[in-house]
Each structure stands twice: as C-alpha cells, then as structure tokens.
1. Regarding residue 872, is this residue assigned by the TED database to the domain that holds residue 1078, in contact with a His (Cβ under 9 Å, 6 or more places away or on another chain), open to solvent by 10 Å² or more (accessible area, probe 1.4 Å) and closer than 30 Å to residue 660 by Cβ?
2. Would you call residue 345 of a type outside the set (Ser, Thr, Tyr) and in a loop (DSSP other than H, G, I, E, B)?
3. Kindly provide the set of residues from the range 355-382 that are in contact (Cβ under 8 Å) with a residue 24 or more places away in the chain and touching a Gly at 6+ places or on another chain (Cβ under 7 Å), ordered by number.
4. Here are the criteria: (1) modelled with pLDDT under 90; (2) part of a helix (DSSP H, G or I). Tell me which single one residue 657 does not satisfy.
5. State the number of residues belonging to the range 132-155 that are over 25 Å from the mean Cα position of the chain (by Cα) and closer than 21 Å to residue 395 by Cβ.
6. I'd like to know if the range 323-335 contains one or more residues that are assigned to a loop (DSSP other than H, G, I, E, B) and open to solvent by 10 Å² or more (accessible area, probe 1.4 Å).
7. Yes or no: residue 292 open to solvent by 10 Å² or more (accessible area, probe 1.4 Å) and in contact with a helix residue (DSSP H, G or I) (Cβ under 7 Å, 6 or more places away or on another chain)?
8. How about the range 105-142: which of its residues are of a type in the set (Asp, Glu) and part of a loop (DSSP other than H, G, I, E, B)?
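The values are calculated or read from the model by the stated rules, or taken from the named source; none is laboratory data. Since this is a predicted model, take the numbers as computed values, not measurements. No Cβ is skipped: glycine too gets one built from the backbone with ideal geometry, and neighbour counts run over all protein chains shown. All accessible areas refer to the heavy atoms of the entire protein, side chains included, with ligands and DNA or RNA removed. Shrake-Rupley method; radii C 1.70, N 1.55, O 1.52, S 1.80 Å.
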Amino acid sequence: IPSPAPTRMQKVSVLLFLAWVCFLFYAGIALFTSGFLLTRLELTNHSSCQEPPGPEPLPTGHQGEPGACWMASRFSRVVLVLIDALRFDFAQPQVSHIPGEPPVSLPFLGKLSSLQRILEIQPYHARLYRSQVDPPTTTMQRLKALTTGSLPTFIDAGSNFASHAIVEDNLIKQLTSAGRRVVFMGDDTWKDLFPGAFSQAFFFPSFNVRDLHTVDNGILEHLYPTMDGGEWDVLIAHFLGVDHCGHKHGPHHPEMAKKLSQMDQMIQGLVERLENDTLLVVAGDHGMTMNGDHGGDSELEVSAALFLYSPTALFPSTPPEEPEVVPQVSLVPTLALLLGLPIPFGNIGEVMTELFSGNKDSQPYSSALAQASALHLNAQQVSRFLHTYSAATQDLQVKELQRLQSLFSKASADYQRLLQSPQGAEATLQAVIAELQQFLRGARAMCIESWARFSLVRMAGGATLLAATCFLCLLASRWAASPGFPFHSLLLIPVSWGLAGAIVYAGLLATTGLKLDPVVLGAVAAVGSLLPFLWKSWAGWGARRPLAALLPIPGPVLFLQLVRWATFFSDSFVIAEARATPFLLGSLILLLVAQLHWEGQLLPPKLLAIPRLGPSTPAGPPRHNGMQALGLGVGLLLCTRLAGLFHRCPEETPACRSSPWLSPLASMVGGRAKNLWYGACVGALVVLLAAVRLWLRRYGNLKSPEPPVLFVRWGLPLMTLSTAAYWALASGADETPPRLRALVAGASVVLPRAVAGLAASGLVLLLWRPVTVLVKAGMGTPRTRTVLTPFSGPPASQVDLDYVAPQIYRHMQEVFRGQLGRTNSQGPLTVAAYQLGSVYSAAMVTALTLLAFPLLLLHAERISLVFLLLFLQSFLLLHLLAAGIPITTPGPFTVPWQAVSAWALMATQTFYSTGHQPVFPAIHWHAAFVGFPEGHGSSIWLPAFLVGANTFASHLLFAVGCPLLLLWPFLCESHGPRKRRQTPRNDAEARVRPEEEEVEEPLMEMRLRDAPHHFSAALLQLGLKYLFVLGVQILACSLAASILRRHLMVWKVFAPKFIFEAAGFIVSSVGLLLGIALVMRVDGAVSSWFKQLVLAQQR
C-alpha cells in the first residue's frame, strides 16, 4: 500500500527543491567555467614528408635536394636560447623617448647591448621582433605553443589526459623523426613534455623561484663544451634566472640588471662560436607585469622579445626603425621550413616571409616567389588542420570557416596559375601573397576567438549566480523550519518562469540563426527561476522578519568558516590545505566541547533538574558527563592525527616527504613487512565489518529476517573475503608461478567486479525492503481495540496515521518485553516489532557500508586503515554533535551549523588522508584498471567513472551520510526506561484504579513521525545548509581564480583547485540527494508498514 498522497507530495517537493538548488549551482559553475577554462580538442595527427599538406605538387626541384622535405632546408643547425620571461623592452636600448631629456635609467634597459651592437654592425644578418604571446602566459602553455604552433589552453582534451607529455605534432618530434640530434639543457619542464626525445639532456629543477642562479649556472657549465663538441643538430637552452628574479624582486630591482647582463655575455659567447650553417634564435616565452608576475593577458605579459641571427646574410633589407610585431606561434612553421621539416600538423602560425626572401643580392621576383611558396605550403597545412579539426568537434564558427576555405581556394588557384605562366606576373604574385596572408591571419583569429580568451562577462555572471544561490540557501534554510513555510508552492512559479525564459531564449536564437550555447541556456533558465523565487519569497515571507535573523550562523563557527574561505585566495594556503584542514577541524571539535560545557550539558544530571520553559517538551539530548564528552573530543583529535599520517606532499613543497603507506603493497621489497601490512589491512576490513554488525545487533536490526539484513549477515563477509583475496593476488602478482598466471589474471578481473556486483545487489535489496525490523505475532485472547483511535475503520488521512503510529510503536515495544500481560480485559496486542526506533539509521549505515567496500577497492590496500578511521571518526563526531542538539517534541527539528560545518570539514580532511591532492598529477590513475587490467578499449566513460569514484570517495560517503546528523540525536536518546504518568480513559477508571506510573520506552527515531511536516522541513533545512557550506567553498574558489587570473600560480594552483572543488561539489550534491532520498524511501516504507498494521488490527 503506498504512502498517503500528502506525505508523498511533501517528500517529492523537498527533493525537487534541493534538486533545483543544485541545478542553480551547476549553472553557475558551468557559466564560470566556460569563461575561465580555455579548452580545445587535441588532435594526434602528424605531418610527414611522404604526405604533402595538399593536393598540389610541392615547389619545383625541392624533392631531389638532400635533406629536403616540403621545402629545401636553409640551415642544418639551430641554437634555440629560451630566456624565460624575456619581456620585449628588456632587449631595448637605454634611450629617452623625449628629445633633450637624459636617458631613462631603468635596471632592465640597455643590458642586452650585444643585440643592439649586432643589429647595427650586421643589419642583414639579424632581426629583433616583438613576439606577441597568446594567453595564458604560463611557461608550460608557452612551451607547447613554441613547439606545436597551436594555442594550448588549460585543458587540452585528448588522449594524454593522464600525462603532461605532448602528443600533438611538434617540432621536437619532427626533428627526432628526421634523425636530428636534439640536445637540451635547463628547465626540467621539458622532461615531462618531451620524455625520451633528447639525445642528450641536462635538466635542472625549476620550481624554486627564489633560486636565481642554479639553473642558469648549470646551463652555462655545459653550453659551450656541448657546442664545441659538435654532437648536436639542435641545441636548446632554457634559462630561468630572469623569470625567477621577476618573481622574487620584480623587474625594477638591481638584481634584474645583473641577470640580464649575464644573459648578454652568454649571447656574445654563442655568437662567437656560430658556424655559417647555424641559426641562432633568442626568445622569451612570455613577459611579466610590473610586479614580475605572469599568467594573464596584459600588454606587458604578452609582449616578449624574439631575436634571430646567422653568420650568413638572412634578410634582403636593413631592420625597420620600429621592430615588427609577429605572433609567437609564427616561429614554428618558420623554423620547420628553414630546417627542411614538415610543419607540425596543428600549427596555426604564419611563416615569417622575410626569412624566405633570400639575401640582399636576390632578385625581387625570385624573392617574392619564394615567399609565396612558403606561404602556400603554410596555408595548405593550416587548411588541412581546420578541415580535420572541424570534422572532429564543433568549436569553430561554421560561417567563418566557410569564408576562409573559399578564400584559400581562390588564393591557391591563383598561385597555381601563376606557376604555369610566370611571365609579367609580379603584381599577381603580390596579390597572391596578400590573399594567403589574409587566410592565415583569419584562421588564427578564428581559433583565438574560440580558444584563447577569458570571458570576463561569463566569469562575473557565473560568480554572481553562485553567490545568489548561496544567499538563497541561507534564506531558505532559515525559513524552512518556520511553521507554514510554503516552499513547494514557492517553487512552482519560479521554475515555470525559468523554463519560459529558456524557451524564449532558444526561440530567439533559432529565429536569428545563432548557435545555441547550452551553458548560456542553462544560466538563463537558472536566473529566470532564481529571481522570481527570491522576490516572491522575500515579499511574502522574509519581509516580515528582521534582517539579523537571516544570518543564523553562530559567531565562532562563522569565524572558522571565514578563515577557511579566505585561505582559497592564497596559493600557499591552498598548497598547505592538507595541514590546515585538520587544524580547523580540531579547533571546531574543541569549540563543540567548550560549547557543551558552557550550556551546562557536561554537568551531572542531578544539576539539570530545572525544567525548561516553552511550548515544546524537550525529550532532551543525552546528558554526557564531562569525562565522556572530553573522551569523545580526544578520540576525534587522535583519529584526525592518525589519518594525517597518510598524506601526499604537493610538489610545491620539496622539503616534505609523502607517506610511504600510500603506495600499493606490490611495490614493497621484503616479504615479512609486506605480510605484516597485508595482515593489518585485512584486519582493518574485519574490524570494519564487525563494527557494523555489532552496531546493527545493538539496536536490534540484525535480528530482522528482511533481505537487506540477510545480505549484511552473508553478503558483507563475502565482500570482505573477495577484497582480501584480490589484495593478496595484486600484492604478489610479480611472484606468481608461470603456470598460475592465467588463473591469477582471471581472478584479478572477477574479484573486483564481484565486490561491485555484490554492493549493487545489496543496495537494490535495501531500496526494495528498507524496513529492517523484527515482527512477532502472538496468540492472545480475542482482540479488542488495543489502540486508542479517534476514528473507526482504517486511517482515512495522514493525520489519522500520524496520530496512531507512535501509539502502535509504544505498544509493540511493551508487548515484546512482556509488559502488557497485566492489562485486564483487552488482551495483548498480537503484533510486536523489535527496535523500530533505529530503522532510518540502520538503512543509512548499511548503505554507507555497501558503498565503502567498492570505493575502498579502488584505493591502495593500506588506505583501508584510513577508511576504518573514517568510520570511527564519524561515529565519535556524531555522538559529540548529538550531545548538543536538543530534541523537541513535536518539533521543529534542526541541525546546528557547527554540525554541518564539522561534517564538511571532515569530508575534506578525508580527501587528503586518502592520498589525494587537488592537482592533476596526484590523481590515482591506477583506479581505472581495478577489475580491468587489460584496459577499456575505446571506452572513456568507465575509466573516468572509476578514477572519479576513487578521487571523490570521501565527498560521496559524507554526502550520502549527511542525514545521520539529523537522525543520530534521536538514536542516542536514553535507552533506559522512563516513567510516565498514565492518563485514565474515563472517570470510572480514574476512581477504580489509583494513579499509577508505567514505563515509557524511548521513541528514538519514531519521534520524527510525530510531526511529518517538521521531519520533511528538517531534511530540507539540512540539505540547504550542507549545500550552502559547499557552495560558498566553490564561490570562494571561483572568485580567487578570477581575481588572481594573472597570478603566477593561477594554472598550477587556483585553476586545479577550482576544478576539483567544482567536481567535488557535483559529487557531494548528488550524494546528498541520494542520502535524503534513501531516508524518504525508508519513511515511505514505514508508513506503508504502519498502515498495513492498522488495517490488520481493525479487521
């Protein structure tokens, strides 16, 4: 029999309200992300000499020349000197812009004097360019651009998601494929980007920005001997001193002058050693701000120096007075063709035509034809890339793409006609060059439009939507506990407005022919529903209450939360969050213990005899003595400390050492230690299983014959055994005898899948039969009315059922204990249930245990000790929180802010204690292969799901278990019987029977059924509070990422932190909805069970 319609509608309204709030957060996160994270698809296609970039033949005569590919090589060697953060004005002479004024004295001006001297003495051999850099101006993204010719973004979606290594076509790969010897020295970032690509390499650590000399001096130690040795074709030296000096001192410090002078001496030494077939390239990867930072898109950050020199004449003319501005990516196709290599497949740069004009003695027509040939090859390659990219994704603008392709077709046809009839075609040749340049620049502009720009409007809109939703959570959580708050009716109209706004927006886009952006569509729907709700609820409800009542967070808790939110704006605190979170959690625990003392709840019970005033009768929280509460607090602090032993150090703290216990047992050397650790891990599993069974047995739920309880009895031990067997096989896989390897490999596949299958089966059984109580039927005297009901027949309404359910429960308890045998003429009630008062918590604990086992299997074996600590820590915290939460009958029920804050902090602390960090290199990629040792083929969803479950396991478990914060105080209601005064049913009975006292058993969680409206409101309020705490965290991360988008660490610290917080919020919100839905499923099953019982009693 289904639960009554009013209650069912109320449950649905609560879930829909929370789902709507989650949608508002999702829309804000998506809108901010679309403006902040620069994304593109990464193609793995490669150019080759055997495959020309287009259908037209290559320039005449190039195929037969030695070393030629698409075009004959002009140089056989290149020295690439990369001076990190070499801003363009660092290469400028120390001159005054105002005639008659003395030269402007700045530390960084005029220090690279060798560049100016070469430009003056050998004007046909050298050029200085202003290199225009595309944001983000971070070193790793710039190195990708300087080698691939593309526009790398923060997220390059592709096959290298698990690695920094560049799999796109690039200059280094083309050089090694052509058999060139590439020698590198400097920044060790290149080691991750191009693993194994160098014939010789000297890597130096790059992170310590306070060290100005280690990298540079190390390079200088090897640079000249390597050049003189001659065992190289391409020599790359990446200096970091200028960049580190900017971060440490800023560009205006005297140390910058010393560092630039050192670079100048280095360049002079290189020029003296160059041979005629060698090209020298001195380049900055980006600039720096006035403070020495970089990462954003300001003029000083995107302006870098680029200097080219060769002992042979390079250019047909002298340098212009004002250096030419060239895009940084133009260096890639230029170097490729000068070295006789194919242009990398994904390049969108334009060749620097000056370098293909020949020397000063070249004829104008032949120079122009050489330029046109280089541009045509370049255009063919870019056209091929655009065609391939647009077929793989829909990022690019369709109309602009069609226009560019038609422009290229015309220019290519003109070029082919020019080759067939070259007489008198100088004007036509210049027109073809202009058309090809127009195509290349248009293609790059289109890609920049799509890939490499922050959208400040979207970022601001997303942050505003997140802030408004947090405000909504704060308001609604305050109002939900008020009697008569009509949240279900307030929800209907705003959602209708939101849908209407989305439909109107989609219709406008359809009529105008613009592309539909689902992110903006979702944001329009969110704003369209949020604003009417805030207006309607404030006008009809909030305006009658003082504004101070809308900020209900206690001062100390608010202070701790503000400290935590403020830390998101500091890269040092984000890096050290693994240590800061346990400190904040410990502070909150001490605050809870002190608060219990201040409120008198740690005093002996005899001192608490003063009755409370007020309309509601407190059932009272368990009054702990001082030693018991202090013991809970000490136990919590001890668990927090022990969990902190399992920590992974961020790479930004080289002095820190990660816990060796995070590694799998298979990596251990020494059989004895491995066996001891294996025994400890299996012991942790057994203790966890035994603790759950003992807890269920204590509250009587383990005696139920229901399928979920039978599964706990037999299924959980089987899951434990399978997990232990899998760990044994995984830890000893390398020692397996050859004849057993096939069996072990098969078991390594079957066992994890069996654990996951058993967990899924248990959850399905729990959802099917969630009421885990023991029902007994007794043979008594003929039944008469044993339950006082103001109605006849079955309960006709939810009010009737709510009235009678607690009475039924009390009688069941009394019958089970044989305490109704003395009733005179009515006979015993024939049905009894054992410990129905823990039915909600039993379902929650069972569900959490079933979730924990497959999640634990995705981690290394020794993390099982952390999971055991997690359950113990949660148990202690729930008991400590329950001591301070008053239970009022008939309501309202509420969970205080300090409980929600502590729960959220514990989820974060467990995230770090399981060996995670909010950076991509710390992701546990091995989880993708648990149960799938041979990989997943072409599927990406399943491995992504497994890795996500491993990463956000703590978020999921604590979010699903969040309703325990509401249930646990009722569960901790005193188990001892309390005496209650029995009310006589009529005057005659009052005269015949003297006033007596009978024993009243605690109702525990059945008190929640005394007031179902308050129960639903409490679940709604709890969900809103938890979403508020998580929502403000993601809001703080988004504000930090947007305000500090030009910070040095934005792409290394703030952007990954935002991504992990956003993903964690999504996982937590889904888990919260599932946890509340499970409680409501149990409640519906209890209602149906009671209704059937009443019908049976009325028959």
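1. Criteria not met by residue 872.
2. So residue 345 fits the description; yes.
3. 367, 380, listed by residue number.
4. With (1) modelled with pLDDT under 90; (2) part of a helix (DSSP H, G or I) applied to residue 657, the lone miss is (2).
5. Residues flagged as over 25 Å from the mean Cα position of the chain (by Cα) and closer than 21 Å to residue 395 by Cβ within the range 132-155 amount to 5.
6. Yes, the conditions are met somewhere in the range 323-335.
7. Taking the combined requirement at face value, the residue does not satisfy it.
8. 134, the sole residue that qualifies.
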